[in-house]
Amino acid sequence: MVSWTIALDVIEDVRGSVAMYLFIIEESIQTLGMACYLLAKQERWNDLLDLANWIIANVINPAIDFCNTYGGVAYPLNMAYDTFYKASKINMENYVKIAQGKLGAP
């Protein structure tokens, strides 16, 4: 009986840690999204282009990969985070398109 209790405690700890990691990444994406919004409002198109591309490559894509690889441990939360990450990627891709359009880049 004691061994099952320990095993369930470990599973619960791992699940909680994965869920917290997914949450922290989600919060960082929101903060970075606000930075992109402010750069767009200030018409700093080069900075917006650089930041949006960096966010996609270094935050969102790894978050999607992590969620698809290990996120199942935190089911069903992983489904919500996966949807958020994918929507955020579309948002950042739109910022890239806006910046490119303002800069006259293809």
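Before moving on, here are some points about what is shown:
- When we screen ASP47, ASP65, ASP82 for residues that are touching a Gly at 6+ places or on another chain (Cβ under 9 Å), without any contact (Cβ under 8 Å) to a residue 60 or more places away in the chain and part of a helix (DSSP H, G or I), the only hit is ASP82.
- Residue list for region 74-85, filter: over 11 Å from GLU26 (Cα atoms), surrounded by 12 or more Cβ atoms within 10 Å (Cβ to Cβ) and not polar (S, T, N, Q): ALA74, LEU77, MET79
- Of the residues contained in region 71-78, one or more are found to be at pLDDT below 95, out of contact with any helix residue (DSSP H, G or I) (no Cβ under 7 Å at 6 or more places or on another chain) and within 24 Å of ALA19 (Cα to Cα).
The values are calculated or read from the model by the stated rules, or taken from the named source; none is laboratory data. Owing to the predicted nature of the structure, the values given are computational and were not obtained by experimental measurement. For neighbour counting, all protein chains shown are included, and Cβ atoms are generated from backbone atoms with ideal geometry for every residue, glycine included.
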